[in-house]
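*Asks:* Provided herewith is a single structure, encoded as structure tokens, for subsequent inquiry.
The values are calculated or read from the model by the stated rules, or taken from the named source; none is laboratory data. The structure presented is a predicted model; accordingly, all values stated were derived computationally and were not measured. For neighbour counting, all protein chains shown are included, and Cβ atoms are generated from backbone atoms with ideal geometry for every residue, glycine included. Each accessible area value is taken on the protein alone, full model and side chains, heavy atoms only, with ligands, DNA and RNA left out. Shrake-Rupley method; radii C 1.70, N 1.55, O 1.52, S 1.80 Å.
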Amino acid sequence: MTTYPPGHGLGELVRTAHADAWQAEGRLREPYGGGACAVRGARAMASGIRTPKWNNADVTHEQVDLEALSAWYAARGMPWGLRVPLEISLAVGEPLFVKRCMGLLASSGAGSGLRMFDPAGGVQVRRIRADEHDRFVALEVAAFGDDPATARDWLAPQFGVAGFDHWVAELAGATVGIATSVRSDELAGPALMVTGVAALPGVDARLVKAQLSAQISAAAVHAGSGATPLGSSKSPAS
């Protein structure tokens, strides 16, 4: 039987772990004008980057203190957006899209957990080395079409920091995919968010993304993470 922290169903647990990771992102970026906070009904983060998708508040209750949120972001000069669970009706702003986030839970007990994923199709997954930071930024730009300067502003604070890892998938010596993972241990307990999962042009995207997600998730569970939210966070928040 899988048990959840008190008050958390499966969907809420995954959303909470996702918000935990974004709070970690905000705290990481305090020296750059970012930060993290909680107000009534929401948990917010700011990156210091003046692009809405990098400044988000996760709504946790329909009674959201929007004035406090607006004031917090205004003090930092940051444009921002909300992530609102589908079951919460919130008449504010314009919905942009529905963001799907898959969750994977580690079970307890004999015979539970994940085995390390066997590479399929020759795709190997590994963490990047310290000398590959510039290359990873270039791969991110190629995969998501972000402005190079903005991509560097987002990625640079993560490099070399405990809890933030960057991964590449390789096939026959060529890089075919990338991903980022963020560890947290807050309201949802030990968890790892896998985000920025992308396959580069000219490869079997489904295979590459599956290999990245599976191998990173398996490594997270073996390292003690209880919940792994999986999904790309490369779009503006709604």
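*Asks:* Sort the following peptides by mean Cβ neighbour count (other Cβ atoms within 10 Å, averaged over residues), highest first: 157-170, 39-52.
*Replies:* For the peptides 157-170, 39-52, the packing ranking is 39-52, 157-170.
*Asks:* When the label point is put 7 Å from the Cα of residue 150 along its Cα-to-beta-carbon vector, which residues of segment 31-51 have a backbone N closer than 19 Å?
*Replies:* 32-35, 45-51
*Asks:* So who's got an amide H within less than 5 Å of the one on residue 177, skipping anything under 5 residues away but keeping other chains? H placed 1.01 Å off N, in plane.
*Replies:* 169, 200
*Asks:* With Kirkwood's inverse mean 1/r over C-alpha pairs for Rh, give me the Rg to Rh ratio of segment 18-71, two decimals please.
*Replies:* Ratio of gyration radius to Kirkwood radius for segment 18-71: 0.96.
*Asks:* If you don't mind, another one. Once the piece of chain linking residue 223 and residue 186 is laid out straight, how much longer is it, given 0.36 nm per residue of separation minus the C-alpha distance between them?
*Replies:* Stretched fully, the residue 223-residue 186 segment lengthens by 11.7 nm.
*Asks:* I've got another one for you. Please list, in order along segment 74-83, the HN-Hα scalar couplings obtained from phi with the Karplus expression 6.51 cos²θ - 1.76 cosθ + 1.60 (θ = phi - 60°), rounded to whole Hz, x for Gly and Pro.
*Replies:* Calculated HN-Hα couplings, in order: 4, 5, 9, x, 10, x, 8, x, 10, 9 Hz.
*Asks:* Tell me, what % of the accessible area of segment 163-221 is carbon and sulfur with a 1.4 angstrom probe?
*Replies:* 55 percent
*Asks:* Given a Förster distance of 30 angstrom, what is the FRET efficiency for residue 70 paired with residue 162, based on the Cβ-Cβ distance and rounded to 0.05?
*Replies:* Between residue 70 and residue 162 the formula returns 0.35.
*Asks:* Moving on. Report, please, the projected area of segment 1-92 averaged over directions, based on the convex hull of its C-alpha atoms, in nm².
*Replies:* 6.3 nm²
*Asks:* Give a residue-ordered list of calculated ³J(HN,Hα) values for segment 28-37 (Karplus: 6.51 cos²θ - 1.76 cosθ + 1.60, θ = phi - 60°; whole Hz; x for Gly, Pro).
*Replies:* These are the phi-based 3J(HN,Hα) values: 4, 9, 4, x, 10, x, x, x, 9, 7 Hz.
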